[in-house]
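Derivation of every value follows stated rules applied to the coordinates shown; laboratory data play no part. Keep in mind that this is a model prediction, so the values were computed, not measured. Using ideal geometry, Cβ is built from the backbone for each residue, glycine included, and neighbour counts are taken over all protein chains shown.
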Amino acid sequence: MRVLFTVAVLLFGSNSAQADFPTRKYEMGFETVTVFEYKKTLREANIEIPDFPPRTESAVIVKLVESNSRASLAGLKENDLIRVINGSYLRSPRSADQKLSMITHQDQLILGIIRRVEDKWDQISITLPPISEEAARKLMLRKVPSLDGAFLPYYRISHKHAPATRYAPNNFQLYYTERAGRPEKLYLRIAQLLPGHSRSGPFVMTTTGGRFVFESEVVPPHQRGLFFAGSLRSPEWEPVKTEILLILAEDWLNEKRQEFQQVEATHKREFKEFQFDQSRRDKAYQELNQRRLALITDMERINKKIQSAERNHQLLVQRKERLANPRTVLSRNQFKLTDEAREAIKSHYTALTTEQKTLVTRAFRSGISLGFKEAGLIQLEETGLAEQEIIRKREKQGWLWVDAPLTPDQLPMLRAMIADPTVTVHHESTTEQKFEVTPEQKEELQIVLDVYEAERNK
């Protein structure tokens, strides 16, 4: 086991991260690279090749495990070294691919792997049990928490290989909404980047058997699924903005209070028995006293921040109370948050990453300026808290899209497109710029449709 520990540290060290390894992807939800290809890639990149433990010349290294997949649910992890598949040691570099490519969701898969556990490396076994067709389809979906136009929670469920953003080139996908564990509406999303063309108008889908037109529905303000029009700095957004800023203020205040308590506890622990003696001049005493004074200075500094944070928090509470009072609200801001919506916003915001929280705060305070890069826009879109601001930005970039629920009468149109060998899509304003729906997109459409209908019929 000691040899395995030394080798594994070298095997997955920082130098190897610089190399681009040829991986193979499997439907169980993980990717691998063979030890043979791993060494070859390092050699070509002039990176030192580590030694490997015995009987691993034909093994494979797990380079990626998809979340909510058979592999992740069974406990497979990135950097696991697979040496045995269904009881058979791998005898050649191609053995793993030959065996894994034959595995379907109906088959049991038992993997013998090497993994670091605490301070040692162990040989362990992982079993991926067979699953039903229905379960396999559901594992192909991505479930994202969102807030609707009334700021109430729901889930948006799409194929995990479909773009997570609306604004992806030649985007053509299905997703459905879910509340309280039940599917609600099925949506079709189409998007193209077409600078200089009209923003209005439908998308047209042409098949070998016909022509279909699809456009967004017109719905009244504040209906579920529709956010306010206008900028985040408009009055309509003020209750939501105040709620977000209150969460930030509370987090900052709690952080400063905890920081003060830590410094105060250190001062009490280190200087509980300290007696100040002005006559002492020895170095040890002087250094100790300097330490004491530094801690006192820190507490004074932190306490000033706490006082400032408390004043800011109180101002926000007062603003929240004014916005809840119909006598003090501007006539053009008729929307008021319910207690349920406030709780949903807080829960949703708390679940965001630190980077996402920073982006939301920046957007609510200053809007989306030219300083927002593409990656920031996509992350902000994922938060679900700046929909209209993102729409305004994307419209300026030249994006055209429809994103609307399908009616029962439109489902035959959808099924016809999935079954047709050739489907092209273009915006009404530009017939010459069309794209073809790929077989992969059709497969994703079918899976989402199948799961949606199965869940609706339960």
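Helix by helix through the chain, keep the DSSP H runs that span 30 Å or more along the axis on Cα and average at least -1.0 on Kyte-Doolittle, and give those back in order.
Those that pass (Cα extent of 30 Å or more, hydropathy at least -1.0) are 238-271.
Hey, what did the stretch 234-334 get for relative contact order, percent, Cα under 8 Å, at least 6 apart?
54 percent
Evaluate E = 1/(1 + (r/R0)^6) for Arg292 and Glu355, where r is the Cβ-Cβ distance and R0 equals 35 Å; express this FRET efficiency to the nearest 0.05.
Between Arg292 and Glu355 the formula returns 0.35.
About the Cα centre of the stretch 234-334, how large is the charge dipole given +1 on each Lys and Arg Cβ and -1 on each Asp and Glu Cβ? Please answer in debye to the nearest 20.
260 debye
By how many nm would the segment from Leu64 to Gln433 lengthen if fully extended, with 0.36 nm per residue of separation less the alpha-carbon distance?
Roughly 129.2 nm would be gained on extension.
Please identify every one of the trypsin sites (Lys or Arg not before Pro) in the stretch 71-112 that sits in a loop by DSSP and has no more than 14 other beta carbons within 10 Å of its own beta carbon.
The qualifying sites are Lys77, Arg91, Arg94.
How big is the convex hull of the Cα atoms of the stretch 2-134, per residue, in Å³?
104 Å³
Rounded to the nearest 20 Debye, what is the dipole magnitude of the chain about its Cα centre when Lys and Arg each give +1 and Asp and Glu each give -1 at the C-beta?
1100 debye
Take the Cα pairs of the chain, get the Kirkwood Rh, then feed it into Stokes-Einstein at 10 °C and 1.306 mPa s and tell me D in µm²/s.
59 µm²/s
What whole number of Å gives the distance from the Cα centroid of the stretch 65-122 to the Cα centroid of the stretch 245-310?
The two parts, judged by their Cα centres, are 52 Å apart.
Just to verify a number: FRET efficiency for Ile47 and Arg257, C-beta to C-beta distance, R0 = 60 Å, to 0.05?
It comes to 0.80.
Taking the Cα atoms of the stretch 105-199, what is the range of coordinates along each of the three principal axes, in descending order and whole Å?
61, 34, 30
Nearest 0.05, what FRET efficiency do Asp450 and Leu152 give at R0 = 25 Å with Cβ-Cβ as r?
According to the calculation, E is roughly 0.35.
Each label point is 7 Å from the Cα along the Cα-to-Cβ direction; what then is the distance between the points at Ile110 and Ser125, in nm?
0.4 nm
Ignoring everything except DSSP H segments at least 4 long, calculate the 222 nm mean residue ellipticity for the chain; use -39,500 (n - 2.57) per segment, divide by total residues, nearest 500.
-13000 deg cm²/dmol
Normalise the Cα radius of gyration of the stretch 305-458 by 2.2 N^0.38 Å (N = residues in it) and let me know the number.
Dividing the Cα radius of gyration by 2.2 N^0.38 Å gives 1.47.
Using a Cα-Cα cut-off of under 13 Å, which aspartates and glutamates could be cross-linked to Lys63, ignoring same-chain neighbours fewer than 8 residues away?
Hits, sequence-local ones excluded: Asp20, Glu31, Glu37, Glu78, Asp80.
Using 0.36 nm per residue, how much length does the chain from Gln410 to Ser366 gain when fully extended, once their Cα-Cα distance is taken away?
Using 0.36 nm per residue and subtracting the Cα-Cα distance, I get 11.7 nm.
Return the Rg/Rh ratio of the stretch 340-395 with Cα-based radii and a Kirkwood Rh.
0.97
Cut-off under 19 Å on the C-alpha distance; same-chain residues fewer than 8 positions from Lys320 excluded. Which lysines are left, in chain and number order?
Lys241, Lys336, Lys346
Take the eigenvalues of the Cα gyration tensor for the stretch 234-334, scale each by 5, and report the square roots as semi-axes in whole Å, largest first.
Square roots of five times the eigenvalues give 47, 10, 9 Å.
Figure the gain on full extension for Glu78 and Lys458 (residue separation times 0.36 nm, minus the Cα-Cα span) and round it to one decimal in nm.
Contour length minus Cα-Cα distance gives 133.2 nm.
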